Every structure is written in C-alpha cells, then in structure tokens.
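What follows is a single structure, written as structure tokens, with notes after it.
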Amino acid sequence: MATRSRIDQLPEEQQARIAALFADKSLTLDDIRDKLLEEMGEDAPSRSALGRKRAEVEKVGDAMRSSREAVKQLRDDLGDLSNDDQSRLNYLMVQEQIFRIQMATMSDDAADQVSVKDLRGLSDALYRLAASRKLDADRVTKIKQEAAKEAVAKAAKAVSTIGKEKGWSPDLVDMVRSEVLKVA
C-alpha cells in the first residue's frame, strides 16, 4: 500500500487551505508554495509534493466529471428522468460505481485495481435503475388509466343528466353512452 503524502498528513484546516489555493487557477505552484511558506514557514510542503497533490486532485476531478458525463449520457439514452427519489438515488449509485471503477483504473497501487466486486456493484446499480424505471412507467400507466376511467365516468354521468334535462329517451342515452363513450 502506498504511503500517505506529506500533504495528507497535515491538519485538515491546512489541507483545506491548500485545496482552496489549488482551486484558484490563476496561481502557479510557485505562487502556492510562496503563500504556504508565509503561512506555515518551513512546515510548508515542498513544490514537488504540491505538484503531485495538484495532479492527484485534477485526476480525481477529471474522474468525477467523467462519471457525471457517463450518467448524463445514460439519462439521455434512457429518456427523461421522473422526479422519483428512487430513480435519482439509483442514478447516483451508478455514478458512484463508475467513479470508483475509474479511480481504480487510474491507480498505480495494485490494491486499488478494479475488482469483481466493483463490477458487480455497477451491474447491481444498473439493474436497480432499470427496475425503478419500469416501476415508474407502470405507475404512470396506472395513473393515466385511472384518470381516463374517471373522465369517462364523469362524461357518462353528464350524458345521463343532459339526456334527462333534454327529454331524451333512455334508449338514446344508452346509445350515446355506448357509441360515443364506449360505456355500457
């Protein structure tokens, strides 16, 4: 297993300061090193340690962007996502699995390589995503069917009411209901 970098061994507030300096894209490594020397003195990490850490941070950022892009493509391929919390959760699980696999493939450490467990996790997340999308589709279909039944029932009642008001015969009311509304 790889040893932790000098920067990873610093207190959290100093690590957060370094991360904030990395986020300022206008600063060079020398600028960052100079600021840290002012703030931390000789305890400041070396320029090479900063360079390695910045490269690592950029690699992680690239992997996160790539996994988000993969999930976006998956959403585009599967169609518009409903507002269902389960579907959103499943998309996030797929994104996390893609990110973990990407990070493992970029690692030089043999312990961090892609495992069967990682691939199984991605497969399970994709399965859950497909299952939740089917449940969403079934729920939408059922809601539409119930709404259509209610609309037909209201229309049938309206035909009966209007027929009575206009003096239609019961046969005419039944014919309109059966022919127009397809209701017996």
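Throughout, read-outs are computed from the coordinates displayed, never taken from laboratory work. Keep in mind the model is a prediction, meaning the values are calculated, not measured. Here Cβ is always computed from backbone atoms with ideal geometry, including for glycine, and neighbour counts include all displayed protein chains.
A few comments on the model shown:
- Here's the list of lysines a cross-link from Lys149 could span, going by alpha-carbon distance under 28 Å and ignoring same-chain residues fewer than 8 apart: Lys134, Lys157, Lys164, Lys166, Lys182.
- Each residue, Arg65 and Ser178, gets one label point 7 Å from its Cα in the Cβ direction; the gap between the two is 6.8 nm.
- Alpha-carbon Debye profile of the stretch 1-67, log10 I(q)/I(0) at 0.18, 0.25, 0.28 Å⁻¹: -0.67, -1.20, -1.42
- Here each label is just a point 7 Å from Cα along the line to Cβ, and for Ala55 and Ser26 those points are 2.7 nm apart.
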